[in-house]
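As structure tokens, the structure follows; a few thoughts come after it.
Since every read-out is calculated from the coordinates, none of them should be taken as a lab result. In this text, all values refer to a predicted model and were calculated from it rather than measured experimentally. Neighbour counts run over all protein chains shown; Cβ positions are idealised from the backbone, glycine included.
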Amino acid sequence: MQEYAGPGACTHCHSEIAASQQKTPMFQAARRARDSAVPQPGHDLKFSDDAYNYFLSRAPDAVTFSVKSKTDSVSANVNWAFGVSESSQTYVLRQGDSFLESRLSYYQSLAGLDITFGHNAAPPATISQALGKTVENETMRRCFLCHSTASTVSGKFDPEHAILGVTCEACHGPGLQHVTAMQNNPDQHASPTVLNPEKLAPVDSVDFCGACHRTPVDVVLEMPRHMGISSVRLQPYRLERSLCWGGRGDPRITCIACHDPHKPLVRDSASYDTACLKCHAQLGHTQTANMAPACPTGTQDCASCHMPKYEIPWVHATYTDHFIRIVRPGSTFRE
């Protein structure tokens, strides 16, 4: 941790960017459970299946996950909440040296609990298993890498001292050297002391974001070949399937060409028309080598036709498909 300055150190020179980034889902990607907005005090969240009753409760200084059957009960404090409460949250419990992923997650669209994505819907065989399933330390280390900052330093995984959420140094690298250099000589150009992902080549840029959001390589090595509609959650993988991506990518359609990681996600699809028209000629304009043909249908709300939204029922959310293509009315999801 000695190499890290913490997000507060960045505010001295980058106050506007830092303030905006704190409103993003990335910054809120993980919290201590006691610091999460869910559940509200005095409003326990409840869920039941054929074998157990589940409760997520808030005490003054802790959040507790409890399971009861007709003959037994078990409970444990929740250590971390992964995800943004405005969409969904999954909970991580620590028992000794072991980590548990909670069997239930909170879904904003339900305003309640349901089975965590990837868990079996059938009731577990034992009440202790109903709390959650054990996650190997290496897998949990990767979870923290994408939901926190500085959870692994010099090869040592230390989630207790991680900076929770994806903060400045998660993308720009350890910043203490940069902060010190700028304090000692504010007029110098100190860019070599910190990474600027904006300078990456297109493939490297999308792979950089894909380190957490998943690249085609991740899909090949770690995931089922056919994931069905669940693959829509893997934006870099879907983006690189697009015909306009080409073989080496295009800087006009990288992740950061459309999404500013320092600002909250823009959900109005029409606001991305300007980005689309950087690649596509408009009607009446001559097509060039660097411009794709004009869309014969229109130049407004392009993403609504070429990047449709799909609901994934088991995560109770709708995602924009980043596989850019012509989608005919009534056509089904294309893997």
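Using Cβ point charges alone (K and R +1, D and E -1), the dipole size of the range 153-233 about the Cα centre works out to roughly 240 debye. Helical runs assigned H by DSSP (4 residues or longer) give the chain a calculated mean residue ellipticity at 222 nm of -5500 deg cm²/dmol, each run adding -39500 (n - 2.57) before division by the residue total. In the distance distribution for the range 225-335, Cα-Cα pairs more than 23 Å apart total 30 percent.
Roughly what angle does helix 202-213 make with the longest principal axis of the chain, taking Cα atoms, 0 to 90 degrees, to the nearest 10? Between the helix axis and the principal axis of the chain, the angle is about 10 degrees.
Counting charges near Ile163 (Lys, Arg +1; Asp, Glu -1) among other residues having Cβ under 14 Å from its Cβ returns a value of -3. Shape class of the range 146-227 from the alpha-carbon gyration tensor: oblate, with a/c at 1.5 or above and b/c at least as large as a/b. Identify the residues of the range 141-175 with backbone N under 17 Å of a label point that sits 7 angstrom from the Cα of His14 along the Cα-to-Cβ direction, or state none. Answer for this model: 148-150, 163-175. The spacing between the range 101-128 and the range 291-335, judged by their C-alpha centroids, is 30 Å.
Excluding Arg241 itself, what net charge comes from residues whose Cβ is under 12 Å from its Cβ, given Lys and Arg +1 and Asp and Glu -1? Counting the neighbours of Arg241, the net charge comes to 0. Take the cross-link list Lys133/Lys263; Lys68/Lys133; Lys46/Lys309; Lys199/Lys309 and give me the ones stretching past 24 Å between alpha-carbons. Listed pairs above 24 Å: Lys133/Lys263; Lys46/Lys309; Lys199/Lys309.
Across all Cα atoms of the range 178-225, the radius of gyration (one decimal) and Dmax (whole number) stand at 16.7, 52 Å.
Charge tally for Ser109 (other residues, Cβ to Cβ under 14 Å; Lys, Arg +1; Asp, Glu -1): -2. A viscosity of 0.692 mPa s and a temperature of 37 °C, combined with the Kirkwood radius over C-alpha pairs in the Stokes-Einstein formula, give the range 40-134 a diffusion coefficient of 246 µm²/s. Around the Cα centre of the range 209-335, unit charges on the Cβ atoms of Lys, Arg, Asp and Glu (plus for the first two, minus for the last two) sum to a dipole of about 160 debye.
Spatial offset of the range 53-99 relative to the range 200-269 amounts to 32 Å, using the alpha carbon center of each. Relative to the longest principal axis of the chain, what angle (0 to 90°, nearest 10) does the C-alpha long axis of helix 137-147 take? For 137-147 against the chain, the angle is about 50 degrees. For the range 66-100, state which trypsin sites (Lys or Arg not before Pro) are in a DSSP loop and have at most 11 other beta carbons lying within 10 Å of their beta carbon. Counting only loop positions with at most 11 other Cβ atoms within 10 Å, the trypsin sites (Lys or Arg not before Pro) in the range 66-100 are Lys70.
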